[in-house]
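To start, the structure itself, in structure tokens.
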Amino acid sequence: MRVYCCWIHGEEREGLARRPLIDPCTGDVYAEAAGADAEMVDRAMESALGALPDWRARSVHERARILRVVAQSIRSCGERLAQLLSREVGKPLAAARDEVLSAAALFEFFAEEASRLSGRIPLLGMDREHVMILREPVGVVLAITPFNYPLSTLSAKVAPALAAGCTVVAKPDEHTPASTLEVARLAVEAGLPPGAFNAILGDGPLTGRSAVNHPIPRMVTFTGSTEVGKEIQRACAETVKRVVLELGGNCPAIVCGDAPWKSLMPQLISQCYKNSGQYCYRISRLYVAEGIFDEFVEELIRQSEALRLGPAHAPGTDLGPLNNGEILERVESQVRRALSEGVRLRSGGSGARPTTPGFYYPPTVLVDVGRRAGIRREEVFGPVVVAMPFDDPEDALADANASPFGLAGYIFTRDLALALDLVGRLEVGSIWVNRIHQAYAEVPFGGMKESGLGREKSGYGLEEFTELKSVYLSY
Ligand code: NAD
């Protein structure tokens with residue numbers, strides 16, 4: 001059986017504890033991963049620290065050249081990477097191929113963006129005196145990623161860190177280590193010095209915690225749950241490490257009565273159930289104008305039930321399984337609790353689960369969601385959507401904001417003045433108005449409130465990996 005090992009200083013290192021990797025589509029064990037203990041974590045950190053002086057001293061052109069080769073390698077190994085991703089996450093192959101392309105695009109984008117990093121010399125007009133404001137790489141970066149988008153979340157961290165002159169220790173989710181290891185190997189083959197990009201395997205409480213508490217990293221960039229994000233932020237306070245946190249969401253969509261909702265429905269459906277609902281930016285709360293609510297919900301159900309739930313590799317599958325048994329159990333128990341609180345199941349739910357093995361959960365529509373129902377406020381990391389009617393968009397806005405999360409929001413109306421008014425008051429990091437299109441590498445990505453801290457992607461995301469240094473120069 002294949003054993004995935006840590007990747008330290010450009011080679012595989014077998015860790016101690018082994019855990020089985022389970023195929024989400026069948027529930028069968030297909031490989032093992034050897035996790036890193038504290039000593040292995042220490043080796044990875046020392047390797048990254050040792051590689052730092054050389055890497056940060058390379059010219060921006062040289063760093064960019066290597067990042068472009070990494071991107072090319074990701075593209076040329078695209079099919080193999082997509083197969084790995086599809087296997088470890090359980091996502092349909094077409095979606096896995098898209099994720100590989102977005103990973104390559106992020107390496108290309110940050111190769112370009114690196115040359116735009118700059119400092120400043122303000123015109124202070126002082127006699128024989130200047131102040132130079134320099135930007136420097138922050139140092140060794142610990143990048144912790146989740147299971148739902150292992151490659152794109154990794155690339156959104158590793159590419160800008162390397163572009164800025166930092167070195168990296170990556171800690172992928174324990175369920176999805178394979179694609180991260182493959183990219184680490186491709187990066188060294190592309191000419192990245194050994195030690196500039198290490199990967200440690202293992203679970204959060206052991207390997208993750210020990211890496212966060214290690215004195216070497218100067219920054220932790222984390223994508224995952226709000227609960228773990230808070231723990232990481234607290235731990236980082238001990239040594240005042242910088243943190244960038246991309247955390248949970250419970251994203252609202254406000255659909256006004258004048259919106260062309262019938263033609264929008266396929267986009268809405270896709271954004272509700274993307275990646276089988278394991279997507280932090282997905283729509284999970286639909287606020288729909290009273291006048292169209294009943295018809296809207298009927299159409300939502302009709303199109304939800306038309307989606308094909310099945311194994312990731314089967315042709316025509318729209319939704320693969322959830323990634324693992326814990327996620328499935330959590331989603332089932334959240335829906336069970338909602339029903340016990342008076343919420344009404346209109347479609348899907350545990351009763352509609354296929355009887356085949358694997359962690360399948362069907363698209364699920366809930367209505368009659370009372371003000372106190374927990375599901376209104378919490379994140380469900382699965383294909384479950386709640387639909388709620390509103391009379392006045394002000395009420396929808398107030399309820400949308402009455403959430404600890406502030407990741408993304410969606411507004412649909414032909415009234416642009418109303419849309420822009422809502423945009424100004426919806427407490428989220430990204431808003432889509434009237435169309436749900438792809439997010440771009442050029443645009444900052446991240447949340448407000450308990451959805452996160454700092455931004456990824458774009459020039460702003462690159463700057464997170466730098467420190468400012470002020471030099472007071474007299475002559
Ligand atoms: P999780 O927080 O349980 O795990 C994420 C990563 O953190 C894994 O690598 C895990 O091993 C590690 N980890 C767990 N405990 C740790 C600890 N104590 N110390 C250090 N590392 C630890 O997240 P999950 O449930 O697997 O992933 C889903 C969550 O991720 C959802 O809440 C989702 O919204 C969020 N997410 C957010 C974004 C975003 O961009 N905002 C993107 C994807 C996923």
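The values are calculated or read from the model by the stated rules, or taken from the named source; none is laboratory data. Given the structure is predicted, the values throughout are model-derived calculations rather than measurements. Positions of Cβ are generated from backbone atoms using ideal geometry, with glycine treated the same way; all protein chains shown enter the neighbour counts. The protein model used for the area step is the full one, side chains on, heavy atoms only, and it has no ligands, DNA or RNA in it. Shrake-Rupley method; radii C 1.70, N 1.55, O 1.52, S 1.80 Å.
Quick notes on this one:
- Under the shape rule built on the C-alpha gyration tensor, where the axes satisfy a ≥ b ≥ c, the stretch 282-393 is oblate, since a/c reaches at least 1.5 while a/b does not exceed b/c.
- When a 1.4 Å probe is rolled over the protein heavy atoms, the share of accessible surface on the stretch 122-207 that falls to carbon and sulfur comes to 59 percent.
- The angle between the Cα long axis of helix 38-57 and the main principal axis of the chain comes to about 60°, on a 0 to 90 degree scale.
- With a 1.4 Å probe rolled over the protein heavy atoms of all chains, the accessible area of K457, K449 falls in the order K449, K457, largest first.
- Relative to the longest principal axis of the Cα atoms of the chain, helix 93-113 runs at roughly 40 degrees.
- Among beta bridges that DSSP assigns inside the chain, antiparallel share in %, nearest 5: 40
- A simple rule links phi to the HN-Hα coupling: the Karplus curve 6.51 cos²θ - 1.76 cosθ + 1.60 with θ = phi - 60°, which for the stretch 329-340 gives 4, 5, 5, 4, 6, 5, 5, 4, 5, 4, 5, 5 Hz, with x for Gly and Pro.
- Protein-only accessible surface at a 1.4 angstrom probe places the residues E46, E326, E99, E299 in the order E326, E46, E299, E99, largest first.
- Surface composition of the stretch 251-440: carbon and sulfur atoms hold 51% of the protein heavy-atom accessible area at a 1.4 Å probe.
- For H313, solvent-accessible area (1.4 Å; no DNA, RNA or ligand), Å²: 140
- For the stretch 430-453 versus the stretch 290-304, the gap between their alpha-carbon centres in whole angstrom: 26
- With all protein chains modelled, accessible area of F222 [1.4 Å, Å²]: 10
- Accessible area expressed per residue, the stretch 251-440, with surrounding protein chains retained (probe 1.4 Å, Å²): 42
- Against the chain, whose longest principal axis is taken from its Cα atoms, helix 178-189 shows a tilt of about 30°.
- Helix-derived mean residue ellipticity, 222 nm - over the chain, DSSP H n ≥ 4, -39500 (n - 2.57), to 500: -12000 deg cm²/dmol
- Loop-resident trypsin sites (Lys or Arg not before Pro) (DSSP state other than H, G, I, E or B) in the stretch 338-443 with no more than 10 further Cβ atoms inside 10 Å of their Cβ: R371, R372, R435.
- Cα gyration tensor shape for the stretch 372-425, rounded if a/c is under 1.5, else prolate or oblate: prolate
- For the stretch 39-82 versus the stretch 105-130, the gap between their alpha-carbon centres in whole angstrom: 23
- For the stretch 63-145, the solvent-accessible area with a 1.4 angstrom probe is 46 square angstrom per residue.
- The 1.4 Å probe gives accessible areas that order V141, V29, largest first, as V29, V141.
- Distance between the C-alpha centres of the stretch 307-343 and the stretch 393-417: 26 Å, rounded to the whole angstrom.
- Counting heavy atoms of the protein chains alone, E227 has an accessible area of about 150 Å² for a 1.4 Å probe.
- Residues whose amide H comes within less than 5 Å of that of N198, counting only those at least five positions distant or on another chain, are V168, V169, A170 (H built at 1.01 Å from N in the peptide plane).
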